[in-house]
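Notes to accompany the following structure.
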Amino acid sequence: MTRCTLTAVALVLAIAAPVAAQDESPEMEQQRCVWSCLANSPGNDSPEYNACVKQYCEDIGAEVAPAEPVPAPAEPAPASKKPTTAKPPMKRPAAPALPGLAVAPDAAQGWVMGDTSDGKGHYAGTKDAALGSSLNWLCGHGVQSLLALAPYTGDGKVVATVQGRAKEVQLQVENGVGYAPVGFAAPLFIHIAAGPEVEFTDSAGKLLGRFTMLNAPTAIGQAEGRCQSGT
């Protein structure tokens, strides 16, 4: 755009503008000049824009810096994500009523299978006839299977010993029962099923129960089969 063209445009604006507009400050006039350069150039970082500002606008009032980039239209804010609702804790099948089994076999009878006391799951278990404690495999449809030692009210730290090999086990204690997650491939089950019997002691070495593993895999498999099928 030539200086003559800009002068002509300025004259037209001056004739059409109200009287109050003629009293605009030099800063406002300079800003309008900068906007005009911006509108007639590829952008505020182009040589054309900078040359226009230098030639036509710098002498109007105080020197100003190149105009800030024209902000792009604001994009719609992304839809806010709904807060993640914490999943309810996994339901735990109820432990059989203490001493632990509907039928209390002695060591020679191995493990037996039955329904949990709330009727929502199944168990396979055996009992230490001398101490009255029981070791149970609890399961339910769609829930984590658990090994339950009952009765137990300690600090949760126990040791399972099989043929002289000891393994520390951490139990979660609730209502006089110690629970530990378990599965057929879990190190805990592999350990306790590796011998003819397993002995549980507490952190102080006190005997909690000595349990046979006779027929344990068969009874546990039957209980798990019913739990998986939901029957």
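Any read-out appearing in this document is the output of simple, stated calculations on the displayed coordinates, not a laboratory observation. What you see is a predicted model, and the numbers here were worked out from it, not measured in a lab. Cβ coordinates were reconstructed from backbone atoms using ideal geometry, including for glycine residues, and neighbour counts include every protein chain displayed.
Computed over neighbours whose Cβ is under 14 Å from that of G195, the net charge equals +1, Lys and Arg +1, Asp and Glu -1. Taking packing as the residue-averaged number of other Cβ atoms within 10 angstrom, the listed peptides 136-142, 210-216 run from highest to lowest as 136-142, 210-216. Peptides 49-56, 117-124, ordered by how many other C-beta atoms sit within 10 Å of their residues on average, highest first, read 117-124, 49-56.
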